[in-house]
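Scroll down for the structure; my scribbles are underneath it.
Derivation of every value follows stated rules applied to the coordinates shown; laboratory data play no part. All values derive from a computational prediction rather than experimental measurement. Glycine gets a Cβ as well: all are built from the backbone with ideal geometry, and neighbour counts include every protein chain shown.
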Amino acid sequence: MTRQLLKIFILIIFSRCFLSCDATKRVAEDEHLLTKNTVFVNDKKDNSVTTNNLIYQKTNRKIAGVPLRLHIYNLARPNRDSLFEAWLDKKPNRRERLIKRYSKKQLNKLKASAIGFNNWLKHTGEPPTIVNEEQTKKSAKRFQDYYINNGWFNVETEYDINKSDNKRAEVEYRIKTGRPFVLDSITETIKSPVVKSLYEDIENDAIIKPGQQYKTLNFENERERISNELRNNGVYHFNQDYITFEMDTIGTNKKVNVDVIIQDRAIRTPDSIERKPFEVYKIRDVNIITDYTFENRGKSFKDSIYYNGYKLYSYGKMRYQPKALTDAVFISPGEVFRDIDRTRTYRHLNELRTFKYPNIEYIENADRTLTDTIRLTPLKKFNLGFSTDVSTSNIQSVGLSVNPSLLIRNIFRGAETFQISAIGSIGSSKDPQEGDPFFDINEFGVDFKLTIPRLFSPFYTENLIPKYMLPSTKISLASTSQTNIGLDKRTFSGIFNYNWRPNDKATNRLDVFNVQYVKNLNIDNYFNVYSNSFNNLNNIALNVYNTPAEYIETDENDNPVLNKARSDEFMDLVLADNSFESNAPTSYKEVNNIKERKDRLTENNLIISSIYNLTYDERTNLFDEDFSIFRLKLELAGNLLATGSELLGFQKNRNDRFELFGVSYSQYVKTEFEYTKHWDLGKKNVFAMRSFLGVAIPYGNSNSIPFSKSFFAGGPNDNRAWTAYSLGPGSSNTTNEFNEANLKLALSAEQRFNIFEDLNGAIFVDVGNIWNVLDNTTSEGAVFNSFNSLKDIAVGSGFGLRYDFSFFVFRFDIGFKTYDPFYAEENRWFNDYNFSNAVYNIGINYPF
C-alpha cells in the first residue's frame, strides 16, 4: 500500500513538473505569462474576494494548483489548416496517393476533422494571460477608486511587475489607505415648502448618519430613498436628479460635513428653464379599458360602468365584474399620487393570469390632478394543453402516459381561472401474472383547480390581509385510481387554501382544509411488493419456528415456502405463542415488527388537516448566489373530527379508534423547519448549506403516522451516500424496501466550484438520519430515546459534477458511507468507504 502511494505521489509530481514546463509554450519571447497577483494593503497581504474582484487581469484558472485549461489550449496547433496542407505536400505524391486511396472528399473530411478537433482544444482551453501594463494600471486605478468611494480619500496605490527569465511574471499591488473620513454634521437646503415638510417626516430614517464612515454607495441609496418617499407622497414630478450632496472636508480633521440640497422643479421652455416649487398631486379619475387592442384604438366604447369611483369601459360587452378588476387596482380616485400604487397594480394585474402585460398611463390636468388610464388586453378565454411521456421504472418495462388540460379564464366573470387536468397511463409490468395482457398496468385520474384572486371568505379580511399582499384562494379536487401498481390505490384529495405575500421575500399559504383519502384495493399483494419483509418472515417460518404443515407450500422449484395467502394467520399464531417469545425473543420481535408495518401500510387512510406554510426567500433573482431561505410548516390533523366524535358520542372500534365512513381517521401534529444558506465566494465558487428538522407526533385517534406523512432519508437530494428510503431508522439494520419514521434530522454542506465553462464540480458532506419517537414502534435502535441517540447520525461524503444547460443543471454525484450507524459503534467510520459500496446519484438541478 505504501509503495503504491509513493508511485502515485511521484506520478503527480512528475505530471505537475511536466505541465509546469509546458505552460509558456504559446508565450512569445518578448511576452510574460502572468502567474500571480499579490495585493498588500497597509503592508498586509490581502487575498479577500473583494480585492481579487477589483483586479482586471486574472491569472489562468487552476485546478489543484495546475492551470489545466491553459495546458489544453497549448495542445492546440496554431494555423492547423496550413500545417495540414504542408504535411500533405511534404512528400512527393502524398496528396495524390491519399486521394487515390480515400477520394478527395474523404481527404477533405480528414482535414476538417483535424481542424475541428484543434478548434475544440482552443475553445475548451484558456489562452495564456500575458502581462499587460495598461491593464495593471487600470487595476491600480480601480483600487484607488474603490478605497476613495469607501472613505479613504488620501489613498495611495503603486504596483510592480516582477519579470523572470523563464517568460513568467508576478504583479504586486501596494496600497496605503491612511485614516478613513467620517461623516460629521448633516444639514439640508430645500427650497420647496412641500418637499421640506415631507423631508422632515422621513429624515429619521436616513441611511447616512453622523459618525458613519463615508461610503459613496450610502449616498446613492439615500438619493433613491428620498426620491421614492417623495414620489410615494404625491410629488409626481420628482426624481433623483433633483438631489445633490455638497461636502466639506477642508480643515475638518478627516470629517465630512454634508449638506443635502434638493432643488425646485425645473420646467423647460423653448428658451429657458424655469424653477418652481414642487406640488402634491392627487388622482382625479381612474379609467379602466377592459378589452383594449391595437385594432380597437380610436373606436367608441359600447359599454361602461361607474363603480366605487372607477370608470370601466369596454369596446364590446363588459365581461368582468367591476369588483374583480378594481380589487386589483391600487390607484384610487381622490387619493394622493403614490408611485408604489402603480407598481402594485402592475403586479396584481399580472397575478390574475387573465391579461397581457397592462399599460398604465398618467395624464396631468391643469388643477394639479392626474387622470390615470389602465389598458387591459385579455388573454384567450380557453387554453388547451397536452403532454405525453414515455417512462420505465423498477415495476414496469415501459409506460405511456398522456396529460391533457384545459384552462378557462374569467369563468365566473371575476377573473377566476379554472383548470381541468387529467392523467391516463398504461404500462407493461416486469413481473406479469399468467394470462395478463401486455399492458397490464394502468392509472387514470382527474384534477380540478379553481383560483380566485382574493380571499373567498364570509368575513371582511382587508384589515387583516390587505390586497397589496396579493391574496388568493385556491380550491382543488382530485381523484386517481391505480391497477397493478403496488397495493392498487384509489385516492381522493380536496384542498381549500389561502395564499398571500406580505412582501417580495415572504410567502404564506394556509390550507384551511386539506382532505386526503386513500383506499388500498389489493392488500393481498403486500408481500409481493415488500418482498424483503416476506423473506424475513419466510426464514423464521422455515428455520426458526415450528411451523404447522398447513402454512407451508412448495414453489415452482419444489422448495418449501410460507404460504403468502396464510401469512397473516401465521403471524397471529406466532405472536400468540408465549413460549416462542421466551425462547426466541429476537425472532418474535421481528415477526411483531413485520405485522405492525403491514397493518400500517395496508390500512386505509383518512386525513383531514389544516396546514400553514411560511417561506422567507432572500434571493433577488435567479442568478443570486448569496442568500438564505427559511421554510416553516405546521400541520394539525384530526382535531376537528376528534372533538366532533366526542361530542356526538361516537363508539370506538376494536382498536380503540373513532371511524368516519368506516375508516379510522388520523390525528397528529407535524412540524418542519428548513434553513438554506449560500455564500458567494467569488470566481464561481459557492459554499451552500442546508439544515432540516421535522417531527410528526401521533396522538388521540392515532398511534402512528400515515406512510404518506412520514419522513425518509437517503437519495440524490438528501444523504447521497444512501439510496432513497434505505437509511434508518436510527441504527436498526432493516431490510425494508421503504424505511420511514416520524422524526428527521439532516444537515448538508457543499462546496461548488467551476472547472471550466459550463462544467462545475462539488465536494459535499451529508449528515442525518430518521428515528421513531412517541409512537407505537419499539424496534431496537429505531427509537429516539434521548440526545444519546444522536450517535446514530449517518455521515456521507463525496464529490460530483454539474453541467449547466442554462435552463436546467444536470447533476452527477458519488456518495461514500463515511460513518455508518448500521455497524457496531467501534466499527462505523470508513467501513464501506470505497467505490464498490458507493452510491451513484443522477439529478436535475442542485439539491439545495
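Of the GluC sites (Glu not before Pro) found in the stretch 426-503, the ones in coil according to DSSP and having at most 14 other Cβ atoms within 10 Å of their Cβ are GLU434, GLU462. Please report the antiparallel percentage of the DSSP beta bridges confined to the chain, to the nearest 5. Here the antiparallel bridges make up roughly 90 percent for the chain. Between THR491 and LEU54, the contour length at 0.36 nm per residue exceeds the alpha carbon distance by 151.4 nm. Applying a threshold of 27 Å to the alpha-carbon distances of LYS163/LYS215; LYS141/LYS255; LYS683/LYS744; LYS589/LYS791 flags LYS163/LYS215; LYS683/LYS744 as lying beyond it. For the stretch 643-658, 3J(HN,Hα) computed residue by residue from phi via the Karplus equation (6.51, -1.76, 1.60; θ = phi - 60°) reads 5, x, 5, 5, 5, 8, x, 5, 8, 7, 7, 5, 8, 6, 10, 6 Hz, glycine and proline entered as x. Look at the alpha carbon pairs under 8 Å that are at least 6 residues apart: their mean separation over the length of the stretch 182-276 gives a relative contact order of 36 percent. Could you work out the local net charge near ASP145, counting Lys and Arg as +1, Asp and Glu as -1, over the other residues with Cβ closer than 14 Å to its Cβ? Neighbour charge sum, excluding ASP145 itself: +4. For the chain, with the dipole built from +1 on Lys and Arg beta-carbon atoms and -1 on Asp and Glu ones, taken about the Cα centre, which of PRO458, TYR498, VAL390 lies farthest toward the positive end? Positive-end residue among those listed: VAL390. Bridging of LYS564 to aspartates and glutamates at a Cα separation below 14 Å is possible for ASP524, GLU550, GLU553, ASP555, ASP572, once same-chain residues fewer than 8 apart are set aside.
Taking 8 Å as the Cα distance limit and 6 or more residues as the minimum spacing, I'd like the relative contact order of the chain as a percentage. The value is 5 percent. Rounded to the nearest 20 debye, the dipole size of the stretch 515-647 about its Cα centre is 280 debye, using +1 on the Cβ of Lys and Arg and -1 on the Cβ of Asp and Glu. Cross-link reach is defined here as a Cα-Cα straight distance under 30 Å, omitting same-chain residues fewer than 8 places apart; for LYS381 the lysines meeting it are LYS299, LYS302, LYS311, LYS317, LYS323, LYS356, LYS449, LYS467, LYS474.
Evaluated at q = 0.05, 0.07, 0.08, 0.10 Å⁻¹, the base-10 log of the normalised Debye intensity for the chain, with identical point scatterers placed on the Cα atoms, takes the values -0.48, -0.92, -1.13, -1.34. Of the beta bridges in the stretch 282-375, as assigned by DSSP with both residues counted there, near 50 percent are antiparallel.
In the stretch 530-602, taking the dipole from charged Cβ atoms about the Cα centre, the farthest positive-side position among ASN559, ASN543, ASN593 is held by ASN593.
Rounded to the nearest 5, the antiparallel percentage of DSSP beta bridges internal to the stretch 182-276 is 60%.
Taking the Cα centre of the chain as origin and assigning +1 to Lys and Arg Cβ atoms and -1 to Asp and Glu Cβ atoms, the resulting dipole is close to 3700 debye.
With the charge dipole of the stretch 282-375 set up from +1 on Lys and Arg Cβ and -1 on Asp and Glu Cβ about the Cα centre, the Cα lying farthest toward the positive end among the listed residues THR369, MET318, THR345 is that of MET318.
Below 11 angstrom from the Cβ of ASP813, what's the summed charge of the other residues (Lys, Arg +1; Asp, Glu -1)? Here the charged neighbours net out to +1.
Near PHE687, once Lys and Arg are set to +1 and Asp and Glu to -1 for all other residues with Cβ below 13 Å from its Cβ, the sum equals +1. For the stretch 636-754, the ratio of Cα radius of gyration to the globular rule of thumb 2.2 N^0.38 Å stands at 1.47. For the stretch 37-73, the residues whose backbone nitrogen is under 20 Å from a point 7 Å from the Cα of GLN213, taken along Cα to Cβ, are 39-55.
Charges were assigned to the Cβ only: +1 to each Lys and Arg, -1 to each Asp and Glu. The resulting dipole of the stretch 530-602 about its Cα centre is roughly 340 debye.
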